[in-house]
Amino acid sequence: MQELKDRIMAEGEVIGTHILKVDTFLNHQIDPAFILRMGKELAERFAGEGITRVLTVEASGIAVASAVALSLNVPVVFAKKKKASTQSAVYASQIYSFTRQETVTITVSKKFLPADDVVLIIDDFLAHGEALKGLVDIVDQSGARLAGAGIVIEKLFQQGGAALRAKGMRIETLAAIEQMEPGKIDFA
Ligand code: G4P
Ligand code: NA
Ligand code: NA
């Protein structure tokens, strides 16, 4: 998506060679009109798949996942990172964050993921793919059908997408980065 690449070039801040800060429109401040356009683009790529629900993980995935769900006219559910005591019947998966060097448990209430669902996973970043693998695990546990995943920004050099695509999963990304360093970003 050209508009996204332009915004990344104009506003993104590369930290070292691995982290891209896009705090002006995606990860801290949100640009709602732009998020809606990105959501529409991702929704169009999965049109005709019969999607009944969008799934993401808190926090940064929620805005774009809501925009996709609005376009598809379906509900959006976000996996929680802290298990609340009120959550009894949940699907759970452990994910390891390379960025934070910690393991967290993500949970989704079973009532929001029935087995006859067709699920589209949405997230803001795809890096090592740990979050995405955890969400796929939860969909597998539910027995629902996974249509694929839509990602705003994929960092190809961190290989998360490659492993999942090798297993036959469909992953659509709006901007894929081959490599980067301060002042220079190479898109695929
Ligand atoms: P992975 O999920 O793909 O394996 O990646 P990793 O463990 O490295 O990512 C951990 C967190 O950092 C995730 O957010 C992910 O979205 C975010 N992240 C990864 N790479 C980048 C990047 O280059 N820039 C930015 N801005 N974020 C990145 P999270 O911890 O789940 O938290 P939240 O921010 O969604 O609440
Ligand atoms: Na994030
Ligand atoms: Na995220």
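Set the Förster radius R0 to 25 Å, insert the Cβ-Cβ distance between LYS21 and GLU172 as r into 1/(1 + (r/R0)^6), and round the FRET efficiency to 0.05. After rounding, the FRET efficiency stands at 0.60.
Compute the long axis of helix 62-72 from its Cα atoms, compare it with the longest principal axis of the Cα atoms of the chain, and write down the angle in degrees, 0 to 90, nearest 10. The angle comes out near 70 degrees.
About the Cα centre of the chain, how large is the charge dipole given +1 on each Lys and Arg Cβ and -1 on each Asp and Glu Cβ? Please answer in debye to the nearest 20.
Numbers: 21 positive and 23 negative charges, 126 e Å.
Once rounded to the nearest 20, the dipole reads 600 debye.
Each part reduced to its alpha carbon centroid, the stretch 30-57 and the stretch 124-160 end up 15 Å apart. Take every DSSP beta bridge whose two residues both sit in the chain, then give the antiparallel share in percent to the nearest 5. Beta bridges within the chain, antiparallel portion: roughly 45 percent.
Neighbours of GLN29, meaning other residues whose beta-carbon lies under 14 angstrom from its beta-carbon, give a summed charge of -3 when Lys and Arg score +1 and Asp and Glu score -1.
For a quick check of your reading of the filter: which trypsin sites (Lys or Arg not before Pro) in the stretch 128-172 sit in a DSSP loop and have no more than 13 other Cβ atoms within 10 Å? Intermediate values should be presented prior to the final figure.
Values: sites: LYS133, ARG145, LYS155, ARG165, LYS167, ARG170; in loops: LYS167, ARG170.
Counting only loop positions with at most 13 other Cβ atoms within 10 Å, the trypsin sites (Lys or Arg not before Pro) in the stretch 128-172 are LYS167.
For n ≥ 4 DSSP H runs only, could you compute -39500 (n - 2.57) per run for the chain, divide by its residues and tell me the 222 nm figure to the nearest 500? Please report the intermediate quantities before stating the final value.
Working: 5 runs with 55 residues, N = 188.
Counting only the DSSP helices, I get -9000 deg cm²/dmol.
What share of the DSSP beta bridges in the stretch 133-188 is antiparallel, in percent to the nearest 5?
Details: 4 of 10 bridges.
Taking every DSSP beta bridge with both residues in the stretch 133-188, the antiparallel ones total about 40 percent.
Residues whose amide H lies under 5 Å from that of GLY148, counting only those 5 or more places away or on a different chain, are ILE121; hydrogens are built 1.01 Å from N in the peptide plane. A full extension of the chain between THR103 and ALA162 corresponds to an added length of 19.1 nm, given 0.36 nm per residue minus the alpha carbon distance.
Here the label points at GLU49 and GLN179, each 7 Å from Cα along the C-beta direction, are separated by 3.1 nm in the simple model. Note on PHE187 and ALA33: the model spin-label points, each 7 Å out from Cα along the C-beta direction, lie 2.0 nm apart.
Kindly flag which residue pairs out of LYS5/LYS40; LYS40/LYS167; LYS5/LYS80; LYS40/LYS110 have an alpha-carbon separation exceeding 24 Å in this structure.
Details: LYS5/LYS40 16 Å; LYS40/LYS167 27 Å; LYS5/LYS80 30 Å; LYS40/LYS110 27 Å.
Where the Cα-Cα span goes over 24 Å, the pairs concerned are LYS40/LYS167; LYS5/LYS80; LYS40/LYS110.
Karplus-based coupling profile of the stretch 123-128, in residue order and whole Hz: 8, 6, 10, 10, 10, 7, with θ = phi - 60° in 6.51 cos²θ - 1.76 cosθ + 1.60 and x standing for Gly or Pro. With no solvent and one equal point scatterer per Cα, compute the Debye intensity ratio I(q)/I(0) for the chain at 0.09, 0.12, 0.15 Å⁻¹ and report its log10, rounded to two decimals. Here the Debye-derived log intensity ratios amount to -0.30, -0.54, -0.86.
Quick note: the coordinates plus some simple rules give every number you see, no bench work behind them. If you're wondering where the values come from, they're calculated on a predicted model, not measured in any experiment. Using ideal geometry, Cβ is built from the backbone for each residue, glycine included, and neighbour counts are taken over all protein chains shown.
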